[in-house]
Amino acid sequence: MSRVADKLIALAELIRLEKPYGALLLLWPSLWALMIAGEGRPPVWVVALFCLGAWVMRSAGCAMNDLADRRIDAQVARTKSRPLPSGRLTPADAVGVIAVLLLAAAWIVWQLPPLTRWLSLPGVLLAAGYPLTKRFFPAPQFVMGVAFGWGVPMAWSAVRGNLDPTAWLLFFATVCWAAAYDTIYALMDVADDSRLGVHSTARLFGRQSWLAVIGLELAMLVLLVWAGRRADLHLLYFSSLGAAGLLFLYQLSHVKMQPDRETAFRLFRAHVGVGLVILLGIELDYALIPMIIR
């Protein structure tokens, strides 16, 4: 295989091109907000921009994270083969990738209304600052939750041109959800994190992590019910929340038993389906309920 091909494969791994889970977890809440703000019919071009933006910012966030964590990753079995700690890419390569992706993100945001553009600035700071919080903040998963949730007010403002309480309910629901599934993800590395002094909610809560996860998931559902009531959503939406709750209950017993790495990753990945189920609930509610009521 040529050196160019090797470099391209390493670049794809850096931005997790083969692992779309993170991009989808970032995207779903923005689509929830777009659908509710647009009452089931948000502008197609705005939806397209947010889909592209989610992939671009997730890719940039992965590159930033790997650049900041390259020395730590080299000491962890799960991550030492990543492009930067393994030497397949240099820090300069990562900086170049980040610059290109942020320029792409700037172009995307420039197509959106002024309020959305201003809201994008904290989003970039959150994406860049999150990896650093693992060094000193005992619960960095909440910072990641804010970073992943920041697309919600941006999406709402892109459709409505303002930020009302429903947008913030969706935002805080996303913060709780992201902190929950990232706590599950952190269970994979809790031993290595303890050895290296890296903070996480899995370390903070220890064997009580399952209580933290279920508390955060319950808070998420309560906030989404509240948002749905404010938005005059109906049975299909609330049924999707019920389906999400059932999955959370199923996961609870596995998290309580301190899952191994493979099981923890499977539980984390299942949240992609949760986000999709809720999105479908919103879409179907707006599409079908008016027909039923008529």
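See the values below:
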| item | result |
| --- | --- |
| Pairs, first more than 13 Å from A147 (Cβ to Cβ) in the range 113-133, second of a type outside the set (K, R) and not in a helix (DSSP H, G or I), C-beta under 7 Å, six or more apart | P113/G161; L115/G161 |
| Residue within the range 109-126 that is among the β-branched types (V, I, T) and under 16 Å from P29 (Cβ atoms) present | yes |
| Checking P138 against (1) assigned to a helix (DSSP H, G or I); (2) under 20 Å from the mean Cα position of the chain (by Cα), the condition it does not meet | (1) |
| Yes/no for M64 being out of contact with any Gly (no Cβ under 6 Å at 6 or more places or on another chain) and either within 20 Å of G129 (Cα to Cα) or modelled with pLDDT of 95 or more (or both) | yes |
| Filter result (of a type in the set (V, I, T) and under 13 Å from the mean Cα position of the chain (by Cα)) within the range 251-278 | V272, V274 |
| Residue check for V44: free of Cβ contacts under 8 Å to residues at least 40 places away in the same chain, closer than 20 Å to A128 by Cβ and surrounded by fewer than 21 Cβ atoms within 10 Å (Cβ to Cβ) | no |
| Exclusive hit being closer than 30 Å to L112 by Cβ, in contact with an Asp or Glu (Cβ under 9 Å, 6 or more places away or on another chain) and part of a helix (DSSP H, G or I), set L170, L236 | L236 |
| Hits in the range 74-99 - residues which are small (G, A, S) and surrounded by 12 or more Cβ atoms within 10 Å (Cβ to Cβ) | A74, S81, S86, A94, G96, A99 |
| The lone exception for R88 - which of (1) closer than 24 Å to L267 by Cα; (2) in contact with a Lys or Arg (Cβ under 9 Å, 6 or more places away or on another chain); (3) not small (G, A, S) it fails | (1) |
| Total residues in the range 202-219, condition under 21 Å from G149 (Cα atoms) and touching a Leu at 6+ places or on another chain (Cβ under 9 Å) | 5 |
| Candidates D189, D232 - the one that is at pLDDT below 95, buried (at least 21 other Cβ atoms within 10 Å of the Cβ) and either under 14 Å from the mean Cα position of the chain (by Cα) or not aromatic (F, W, Y) (or both) | D189 |
| Condition met for S209 (hydroxyl-bearing (S, T, Y), modelled with pLDDT under 95 and within 29 Å of D69 (Cβ to Cβ)) | yes |
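The values are calculated or read from the model by the stated rules, or taken from the named source; none is laboratory data. All values derive from a computational prediction rather than experimental measurement. Every residue, glycine as well, gets a Cβ built from its backbone with ideal geometry; the counts of neighbours run over all protein chains shown.
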